[in-house]
Amino acid sequence: MTAFSLEPEQTAWCAELRTLAAERLRPLADKGEPGHVNRPLLAELGALGLLTRLFTSGALGLCLMRESLAYACTEAETALALQGLGAHPVHAHGTDAQRARWLPRVSDGTAVAAFALSEPGAGSDAAGLGLRAERHGPKTPDTPTAPHTQPPPLCADPDGGSRWRLTGEKCWISNAPEADFYTVFARTTPGAGARGITAFLVPADRPGLTGTALDMLSPHPIGTLDFDAVPVTADDVLGETDRGFRVAMGTLNLFRPGVGAFAVGMAQAALDATLAHTARRDAFGGTLSGLQTVAHQVAEMALRTDAARLVVYAAATAYDAGAADVPKRAAMAKLLATETAQYVVDTAVQLHGARALRRGHLLEHLYREVRAPRIYEGASEVQRGIIAKELYAAAAQGKDAP
């Protein structure tokens, strides 16, 4: 048995993506305004056919794409990933009409998507969200209902679909408030935990929907959304009523290894920059690379980066194969890769010295970018909880570890 490796065509594609990111996407990213959606960058991602690949490449292809883009242009990687995160529920669970309206525009970069799950009081505990989806019906007469009779029917649309009003707040939403539509998760059944959540496709122009941008450490757009009795109907439901938590978790199981790939791309960029710097930097009568303490640190950076990459690829391959342990593997990939990238980038900054802290330096940029992935799409602590839960569940069923 040989060591795991990519096929030659996959390796060539990754190299091509790094070149495209450096030559065609980096200039557009540099012209963008931090904290705002870069629509020219999205349009170029669409023109290159990369946004279409969000829905056709499988988990491994998605990871290869995200790692390669992150190596040369983190802004391009993030723009692509956020399109996928917001639109995947439409692709996987949407109706024909929903797909026809939004997916072509997502693929060509003319419609911006967003995934609206987190709330001020429900970040890591996604099942505890409180955005209310209240049934909306006609005013009932002020007469008592006779005993043992059914309550008045819910108000329905002409096509027979139910109607709701969304009331509450979402927070830490990437691409908010500038997205063109949101995949919104709301509570349709109070007190039901994860089983009472429904996913809705909500266009940004719905009455009662407003938002505010947040000034964050990371340069990509993040904001809050306020829902003041925003109307939605059965035509806006993604999947089934009260089954939206499955939509959310299924999306995260696909995109969590991708977050790991993003982290691996940043780690590799920091490692390569450190190799070049320490090999030419004069110090103590030689170069930094000649100092054992430096050489050992670089070796550790490389070891951890390669290990994280393999775990990411394994998780993506398991997803594409429909393996039963995808939640565990996806959590492991995100956890290991994001924690590794934090270590590698921090070590790279230390070995570069003060120059790495100067605004505009690659490592100054990576240092700001690398922190957030340990939190979003499930913080590291949440990933450890998922891994442990899956391990104990498998042990209880008598399943052997792989």
From Cα pairs below 8 angstrom and at least 6 apart in sequence, can you work out the relative contact order of the chain, rounded to a whole percent?
15
State whether region 265-402 is rounded, prolate or oblate according to the following rule on the C-alpha gyration tensor (a ≥ b ≥ c being the square roots of its eigenvalues): a/c under 1.5 gives rounded; otherwise a/b larger than b/c gives prolate, and the remaining case gives oblate.
prolate
Charge tally for neighbours of Ala204 with beta carbon under 9 Å away, counting Lys, Arg as +1 and Asp, Glu as -1, is -2
Could you list Val345, Val237 in order of exposure, starting from the residue whose Cβ has the fewest other Cβ atoms within 10 Å?
Val237, Val345
By how many degrees, between 0 and 90 and to the nearest 10, does the Cα long axis of helix 244-280 differ from the longest principal axis of the chain?
20
If you take percent of Cα pairs over 34 Å apart from the coordinates, which of (i) 22; (ii) 52; (iii) 33 do you get?
(iii)
Mean Cα-pair separation over length for region 15-98, i.e. relative contact order, pairs under 8 Å, 6 or more apart, %
39
Those residues of region 108-122 whose amide nitrogen sits under 18 Å from the label point placed on Met216, 7 Å along Cα→Cβ:
112-122
Please find the FRET efficiency linking Glu134 to Arg359, where r is the Cβ-Cβ separation and R0 is fixed at 60 Å, and quote it to the nearest 0.05.
0.80
Residues of region 177-218 with amide N under 18 Å of a point placed 7 Å along Cα→Cβ from Arg101
179-186, 199-210
Between the DSSP loop rule and a limit of at most 10 other Cβ atoms within 10 Å, which trypsin sites (Lys or Arg not before Pro) in region 295-393 are left?
Arg358, Arg359
What residue among Pro27, Pro257, Pro177 shows peak mean-square fluctuation when the chain is described by a Gaussian network model with Cα springs under 10 Å?
Pro27
Value at 222 nm in deg cm²/dmol, rounded to 500, when DSSP H runs of n ≥ 4 in the chain each add -39,500 (n - 2.57)
-16500 deg cm²/dmol
With T = 37 °C, eta = 0.692 mPa s and Kirkwood Rh from C-alpha pairs, the Stokes-Einstein D of region 8-108 in µm²/s is about 238
Go through region 1-82 and name the chymotrypsin sites (Phe, Trp or Tyr not before Pro) that are in a DSSP coil and have 14 or fewer other Cβ atoms within 10 Å of their Cβ.
Phe4
If you line up the long axis of helix 326-352 against the longest principal axis of the chain, both from Cα atoms, how many degrees apart are they, to the nearest 10?
40
State the extension gain, in nm to one decimal, for the chain segment bounded by Glu33 and Ala229, taking 0.36 nm per residue of separation less the distance between their alpha-carbons.
67.4 nm
Contour minus Cα-Cα distance for Gln292 and Thr56 (0.36 nm per residue):
80.3 nm
Within the chain, how many Lys pairs that are eight or more residues apart, or on different chains, come under 23 Å at the alpha-carbon?
4
Mind listing the long-range amide H neighbours of Glu119? Cut-off is under 5 Å, sequence gap 5 or more, other chains count too, H placed in the peptide plane at 1.01 Å from N.
Cys171
Taking Cα atoms only, helix 8-20 is inclined relative to the longest principal axis of the chain by an angle, in degrees rounded to 10, of 90
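Relative contact order (percent) for region 200-252, with alpha-carbon contacts under 8 angstrom and 6 or more residues of separation?
About 35 percent, as a whole number.
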Taking the Cβ of Arg26 as the center, what net charge do the other residues with Cβ under 13 Å away carry, scoring Lys and Arg +1 and Asp and Glu -1?
-2
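Computed from the coordinates by the stated procedures, all read-outs in this text should not be read as laboratory data. All values reported here derive from a predicted model rather than from experimental measurement. So basically every Cβ, Gly included, is an ideal-geometry build from the backbone, and we count neighbours across all protein chains shown.
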